[in-house]
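Before any comments, here is the structure.
The values are calculated or read from the model by the stated rules, or taken from the named source; none is laboratory data. Note that the structure is a prediction, hence the values are computed from the model and not measured. Here Cβ is always computed from backbone atoms with ideal geometry, including for glycine, and neighbour counts include all displayed protein chains. Ligands, DNA and RNA are excluded from the accessible area calculation, which covers all protein heavy atoms including side chains. Shrake-Rupley method; radii C 1.70, N 1.55, O 1.52, S 1.80 Å.
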Amino acid sequence: MEIRIYLLQRPHIEIDGKEAFTKLNNKAFAMILYLASKQGQAVSKEVLSEIFWPEQQGENARSNLRQNLSYIKKICTEELAELCTEEVSVISSERNVCSLNENLDIKVDLIEFWHNLRAGYAAEDADDRIRYLQAAADAYRGSVLSGVYVRGSATFEEWLMFERESVNQNLVRVCKDLASIYQEKGMAERAIDCLKKLLQMDPLLEEVHLELMRLYYENKERAKAICQYKECVRILGEELNISPMEETRSLYQKISEEGSDFVLPQADLAEQNSQNRVLVLRPSAPAPMDYESIYTLLEPVVEDGSLVPDYLKRGLALLFPQYSDRLDGQNLPEIYLFYTIKKLLEHLSEKGKLTIQVEDGDGLDGKTKQLIHYLSGNLDHPNIEII
């Protein structure tokens, strides 16, 4: 029987791969998670009483703790009845201290994170170093104890704040080091994954947005580099009311001024030169950025130069930097972009049938899904088909 306690994603407990102890009340659940974070260390009952019953004094708090421990043991015994023949609890309670029950096979993702981090930086072998550090990075899937709280307990909140800060600082170090290692080995996709995990933790890290732009650009993924810049601009503007630093803007300008490396396959070229045209909407990454699939869909049309009427270029400036000098195009509302795309598709269909082929609709980014919904309700043209 293996019990796994997860603190670095949605907090929950599993027994042999199945979620368990879901009947526990919030305070009992929080106490188990708190003890699970202690890497095997025992915590005095006095400290537990102060953390979980801050409004109580002395014997009243200790009485509540005893009742809570008894309640946890009751729930554990019920759920483990088919696996254990006697009463058992995930918490071991001795006279003055409590800890996780060492007699049970309990694994905690946070403890594994710290173990792999220490082992990675201690490893002399390069492959071992990568393996341990990657395991530490993979363990992080969300903020420590996300959504868990103890009402009225400033001590618990203070502890949780420091715990999260410690994990976050070390995760930043691990992901940056891994990204550098992968870049040196020419493994751009692995480096990108590490940097994207950093932005999942803290989307305000502009230096990470910048490094991602560089990697995408060097990996000949111009659309992703531009979308990453747009995302950086949006987040910094909304959260901090600032613009990206000069280095970020300069890289964006360099990318925007250079031509795209996009080359249509020969079959597509023949199709585009005929009276009928096929545009394909496909997901371009497991976790695509907003507008990414829209950009990829329209990029060959925009790069042609002769297919976009001047009156539509202002509305496309949100996505295509070559049109950024079109008045205030980059500041137009999103619905105007959707309207512009609709008008562009209608323009392309004037000389023949236009087919928009959607591949794996579930895998498209959120903004692209919104565009498809918008077009489905507003695009009514005999020469245009969405399949």
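Of the heavy-atom accessible surface of the range 123-268 (probe 1.4 angstrom), what whole percent is carbon and sulfur?
Using a 1.4 Å probe with all protein chains present, the range 123-268 comes out at 47 percent carbon and sulfur.
So how exposed is Asp310, as accessible area in Å² (1.4 Å probe, rounded to 10)?
Counting only protein heavy atoms, the figure is 100 Å².
Out of the DSSP beta bridges found with both residues in the chain, what percent are antiparallel (nearest 5)?
The answer is about 50 percent antiparallel.
I need the Debye-formula profile for the range 1-71: one equal scatterer per C-alpha, no solvent, reported as log10 I(q)/I(0) at q = 0.14, 0.16, 0.20, 0.26 1/Å, two decimals.
Log-scaled intensity ratios, in q order: -0.48, -0.62, -0.90, -1.23.
So for the range 4-80, averaging the separation of alpha carbon pairs under 8 Å that are six or more residues apart and normalising by length, what relative contact order in percent results?
Numbers: 50 pairs, mean separation 20.7, N = 77.
This gives 27 percent for the range 4-80.
In the neighborhood of Ile386, defined by Cβ-to-Cβ distances under 15 Å, what is the net charge if each Lys or Arg adds +1 and each Asp or Glu adds -1?
0
Just name one of Ser49, Phe320, Ser256: the one whose Cα is farthest towards the positive end of the charge dipole of the chain (beta-carbon charges, Lys/Arg +1, Asp/Glu -1).
About the Cα centre, the residue reaching furthest to the positive side is Ser49.
Could you list the GluC sites (Glu not before Pro) in the range 118-211 that lie in coil according to DSSP, counting only those with at most 14 other Cβ atoms within 10 Å of their Cβ?
Glu124
Please name which of Asn25, Leu344, Leu104 has its Cα lying farthest along the dipole of the chain towards the positive end, using unit charges on Cβ (Lys, Arg +1; Asp, Glu -1) and the Cα centre as origin.
Projecting each Cα onto the dipole axis, the largest value belongs to Asn25.
In whole angstrom, how far apart do the alpha carbon centroids of the range 239-260 and the range 7-35 sit?
Result: 44 Å between the Cα centres.
Work out which chymotrypsin sites (Phe, Trp or Tyr not before Pro) in the chain are exposed loop sites (DSSP not H, G, I, E or B, at most 16 other Cβ within 10 Å) and give the longest gap free of them.
Answer - 1-148.
Two-decimal Rg/Rh of the range 57-142 from alpha-carbon positions, Kirkwood Rh?
My calculation of the ratio gives 1.17.
At 1.4 Å probe size, with every protein chain present, just tell me what the per residue accessible area of the range 109-150 comes to in Å².
48
Cα-based Rg of the range 1-124 per 2.2 N^0.38 Å, rounded to two decimals? Kindly include the intermediate steps, with their values, before the conclusion.
Working: Rg = 15.3 Å, N = 124, 2.2 N^0.38 = 13.7 Å.
With N residues counted in the range 1-124, Rg over 2.2 N^0.38 Å equals 1.11.
Projecting each Cα onto the charge dipole of the range 125-212 (Lys/Arg +1, Asp/Glu -1 at the beta carbon, about the Cα centre), which of Ser146, His209, Ser166 comes out farthest on the positive side?
Positive-most Cα among the choices belongs to Ser146.
How would you classify the range 149-203 from its alpha-carbon gyration tensor, with a ≥ b ≥ c the square roots of the eigenvalues: rounded for a/c under 1.5, else prolate if a/b is greater than b/c, otherwise oblate?
prolate
Would you please name the GluC sites (Glu not before Pro) within the range 331-387 that are DSSP coil residues with at most 14 other C-beta atoms within 10 Å of their C-beta? Provide the component values of the computation, followed by the final result.
Working: sites: Glu334, Glu346, Glu350, Glu359, Glu385; in loops: Glu359.
The qualifying sites are Glu359.
Determine the calculated [θ] at 222 nm for the chain from helices alone, applying -39500 (n - 2.57) to every DSSP H run no shorter than 4 residues and normalising by the residue count; nearest 500 deg cm²/dmol. If you can, show how the numbers build up before the last one.
Details: 15 runs with 214 residues, N = 387.
So the helix-based figure for the chain works out to -18000 deg cm²/dmol.
Based on C-alpha coordinates, I'd like the Rg and Dmax of the range 118-181, in Å.
Over the range 118-181's Cα set, Rg and Dmax evaluate to 14.8, 48 Å.
Any chance you could get the radius of gyration and Dmax over the Cα atoms of the chain, in Å?
My reading of the Cα-based Rg and Dmax gives 27.3, 86 Å.
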